[in-house]
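Peer 1: Mind looking over this structure? Questions follow.
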Amino acid sequence: MSTGSASRSTPKGRRRREALISAAADLLLAGGYDAVRHRSVAAKARLPLASTTYYFDSLDDLVTHASELNGAREHELIRQQMDGFSPTALDTAGTVNLMVDLLIGPVDSDIDRHDLLVARYERVLAAARHPQLQELHCRLRADLEDMLLDALSCAGRPTDRDHVRPLLALVDGVVMAALGEGGGDPRARAREVLLDAVDRHAPLTAGP
């Protein structure tokens, strides 16, 4: 192991690396991918500028780790919501409300949840141009599919990936449109399209 590799793997090195990833993730939430630069990350982490190139192979490498952290942050919030679930058969409206709360956030969500939602779709678009983000996007997407499958099963609507994916695609389209319009209501848009689709892709197997 080289001297540089050894120092990066020390507790101090790991703390510095994690601080840089956290700083970059926060900058992503606040200003998108253009906000993440070597200098801005180092300043936010209160570390020397050279640390960003010492602990990461490139800026793209740092951005990928920051994007992964934000994905993990959002998915942890979704899992916390799901922890309170108990198996209960839900009618169409109840199922749609459940999906909207999970995929977009409850109506009383704070700004952090909104920023994580925006970051999700920024990551999708960025992956189209940056190959290093594509594997991450696919992995996070599969994780989101798994959580939605679990939630639908708890709602008495067991289904599979082939049926969950069209539901997610519908949500993606209307949410991105609402976010792009600024004043659009992504929850209302998602609810409208899901009301017409959920019974086709995840029919109720037991009465509510």
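Peer 1: Of the residues that make up the range 170-183, is at least one of a type in the set (D, E, K, R), more than 26 Å from L29 (Cβ to Cβ) and in contact (Cβ under 8 Å) with a residue 24 or more places away in the chain?
Peer 2: no
Peer 1: Hey, could you check the range 37-52 for residues that are surrounded by 14 or more Cβ atoms within 10 Å (Cβ to Cβ) and part of a helix (DSSP H, G or I) and say which is farthest from the chain's Cα centre (by Cα)?
Peer 2: S51
Peer 1: Something else about it: Restricting attention to the range 20-36, which residues are assigned to a helix (DSSP H, G or I) and either of a type in the set (S, T, N, Q) or buried (at least 18 other Cβ atoms within 10 Å of the Cβ) (or both)?
Peer 2: L20, I21, S22, A23, A24, A25, D26, L27, L28, L29, Y33
Peer 1: Could you tell me whether S9 is hydroxyl-bearing (S, T, Y) and over 23 Å from the mean Cα position of the chain (by Cα)?
Peer 2: Considered against the rule, which asks whether it is hydroxyl-bearing (S, T, Y) and over 23 Å from the mean Cα position of the chain (by Cα), S9 comes out as yes.
Peer 1: From the list A155, A190, A178, A128, which residue is of a type outside the set (D, E, K, R), closer than 19 Å to R79 by Cα and either in contact with a helix residue (DSSP H, G or I) (Cβ under 9 Å, 6 or more places away or on another chain) or not assigned by TED's automatic domain parsing to the domain that holds P87 (or both)?
Peer 2: When all the criteria are applied, what remains is A155.
Peer 1: Of D101, D108, which residue is charged (D, E, K, R), outside any helix (DSSP H, G or I) and out of contact with any Leu (no Cβ under 8 Å at 6 or more places or on another chain)?
Peer 2: D108
Peer 1: Select, from A151, A177, the only residue that is hydrophobic (A, V, I, L, M, F, W, C) and over 17 Å from the mean Cα position of the chain (by Cα).
Peer 2: Selected residue: A177, the only one of A151, A177 that is hydrophobic (A, V, I, L, M, F, W, C) and over 17 Å from the mean Cα position of the chain (by Cα).
Peer 1: Looking for whichever is closer than 26 Å to V193 by Cα, charged (D, E, K, R) and without any contact (Cβ under 8 Å) to a residue 60 or more places away in the chain here; the options are D57, D101. Which one fits?
Peer 2: One residue alone meets the criteria, D101.
Peer 1: Something else now. P48 passes all but one of (1) in the same structural domain as A35 (by TED's automatic domain parsing); (2) within 19 Å of P166 (Cα to Cα); which number fails?
Peer 2: Unmet condition: (2).
The values are calculated or read from the model by the stated rules, or taken from the named source; none is laboratory data. Computed from a prediction, not measured in an experiment: that's the story for all the values here. With ideal geometry, Cβ positions are generated from the backbone for all residues, glycine too; neighbour counts draw on all protein chains shown.
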